[in-house]
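Q: One structure coming up, written as structure tokens, with questions to follow.
The values are calculated or read from the model by the stated rules, or taken from the named source; none is laboratory data. Worth saying up front: this structure is predicted, and the values here are computed from it rather than measured. Cβ coordinates were reconstructed from backbone atoms using ideal geometry, including for glycine residues, and neighbour counts include every protein chain displayed. For the accessible areas, the whole protein counts, side chains as well, though only heavy atoms, and no ligand, DNA or RNA atoms are used. Shrake-Rupley method; radii C 1.70, N 1.55, O 1.52, S 1.80 Å.
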Amino acid sequence: MPRPTLARIDLDALRHNYHRACEKAGSARPMAVVKADGYGHGIAAVARALAKHAPCYAVACLEEAEAVRVAGLSQPVVLLEGVHSREDLSVCRQQDFEPVLHSPQQLQWLEGTVSPPVIWLKLNTGMNRLGFPAASLPALMGRLKSMPQVRIKGLMTHYACADDLSSTGTDAQNAAFIAAAEGYPELLLSAGNSAAHFRPRNPLFDWTRPGIMLYGATPIVGLSAADLGLKPVMSLESELIAVRDLEPGMTVGYGDSWRADKPTRMGIVAIGYGDGYPRHAGTDTPAAVNGQRIRLIGRVSMDMLAVDLNPAPDAAVGDRVELWGGQVSVDEVAASAGTIGYELLTGVTARVPRHYLSSVV
Ligand SMILES: *Cc1c(COP(=O)(O)O)cnc(C)c1O
């Protein structure tokens, strides 16, 4: 018998969320962001599930783009971090990968490449992470014009605060992006991450780049994924492998960090930080057993964690426990652990088998 710990991946929910992005994007087209192993869901399965829907994929790096090809898909793949060597540019050309050009170093590599790939130019409009200063675009375009072999598909920028609906920084970034792009109507524009799809009146330009929303976690601070019409894709599950009654005064787990103040039925679940469950999720982090919400108690160990079964007194060894999914959102667990859904989903380790569900064969 395999260990009962697994991640169920609902590919119908993934497609629902992609269609939600299309609906919100209006005339813009969403490229499906499948970096970091499809945000922990498995890049091949995720990319294949969207094959008939997504006209383009986006990943961080060349290895991930190659994984999309190995999965049998022929759509263009955008490399959001661009290339890490001159040689990578030739691979991109051969494989129809579209690297983002964001640095003078990458520009130098491009200059010496006879047959380069189609590229996107990354402009820095306020994130201050990657990209050429928006004001330097005329000079940059001038330099690129002297390289007749280079084809530029579009301009890209990335938001720093789109998740905060009250931020004004995103408006300033849009203004800078629009001003920079003004003289280049032939170039496509791409700015919107998941959050941008839900910002009232935010321009979505030609291509959006939804990531986290495809996986059914919230991109917006203070709004749940359900509020936004998104469905959870991953359900992280395990089983009760021990149940014990604790007397008041008894403790659970490492460091004696939790002590019963009343008779407590306690369950041990076969999942821990070695599976990617966050160790910082402390007492009171929600979980569910047999449709009943329960809470963690004590410290998360590498392979196990403890739950309070007083609200579910009939729960027994072998019963399924949901750590996150349809009953407890990954965002709730993330909030308890002081992090975001992105980190939890991408952090599920290779030890956890992914089981795929789909009504489409
Ligand atoms: C990861 C990433 C995205 C997707 O962001 P989400 O918040 O997950 O939608 C979009 N654009 C760039 C440049 C990224 O790195």
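Q: Are there any helices (runs of 4 or more DSSP H) wholly within the range 1-78 with 2 or more residues that are within 16 Å of the ligand (Cβ to nearest atom) and without any contact (Cβ under 8 Å) to a residue 60 or more places away in the chain, and if so which? Walk me through how you get there before you give the answer.
A: Values: elements: 11-25, 35-39, 43-49, 62-70.
So the answer is 11-25, 43-49, 62-70.
Q: I need every pair where a residue in the range 322-345 that is more than 16 Å from the ligand (Cβ to nearest atom) has its Cβ under 6 Å from the Cβ of a residue that is assigned to a helix (DSSP H, G or I) and open to solvent by less than 20 Å² (accessible area, probe 1.4 Å), sequence separation at least 6 or different chains.
A: Close Cβ pairs satisfying both conditions: Trp324/Val330; Trp324/Val333.
Q: Do we have Arg129 as within 15 Å of the ligand (Cβ to nearest atom), among the basic types (Lys, Arg), under 22 Å from Leu79 (Cα atoms) and over 18 Å from the mean Cα position of the chain (by Cα) here?
A: yes
Q: Next question. Considering only residues that are in contact with a Phe, Trp or Tyr (Cβ under 7 Å, 6 or more places away or on another chain) and either under 19 Å from Asp275 (Cα atoms) or among the aromatic types (Phe, Trp, Tyr) (or both), which ones fall in the range 236-254?
A: Narrowing the range 236-254 to residues in contact with a Phe, Trp or Tyr (Cβ under 7 Å, 6 or more places away or on another chain): 236, 251-252.
Within the range 236-254, just Leu236 meets the criteria.
Q: Same structure, new question: Anything in the range 184-203 that is open to solvent by less than 20 Å² (accessible area, probe 1.4 Å) and either within 17 Å of Leu137 (Cα to Cα) or touching a residue at least 60 places away in the same chain (Cβ under 8 Å) (or both)? List them, or say none.
A: Passing the criteria: Leu187, Ser190, Ala191, Gly192, Ser194, His197.
Q: A further question on this structure: Consider Glu81 carefully, then state whether it is assigned to a helix (DSSP H, G or I) and without any contact (Cβ under 8 Å) to a residue 60 or more places away in the chain.
A: Values: assigned to a helix (DSSP H, G or I): no; without any contact (Cβ under 8 Å) to a residue 60 or more places away in the chain: yes.
For Glu81, the condition - assigned to a helix (DSSP H, G or I) and without any contact (Cβ under 8 Å) to a residue 60 or more places away in the chain - is not met.
Q: Any residue that is open to solvent by 40 Å² or more (accessible area, probe 1.4 Å), of a type in the set (Asp, Glu) and within 30 Å of Asp164 (Cα to Cα) - is there at least one of those in the range 236-249? Let's see the steps before the verdict.
A: Going residue by residue through the range 236-249, those that are open to solvent by 40 Å² or more (accessible area, probe 1.4 Å) are 239, 241, 243-245, 247-248.
Narrowing further to those that are of a type in the set (Asp, Glu): 239, 245, 247.
Remaining after also requiring within 30 Å of Asp164 (Cα to Cα): none.
No, because not a single residue in the range 236-249 is open to solvent by 40 Å² or more (accessible area, probe 1.4 Å), of a type in the set (Asp, Glu) and within 30 Å of Asp164 (Cα to Cα).
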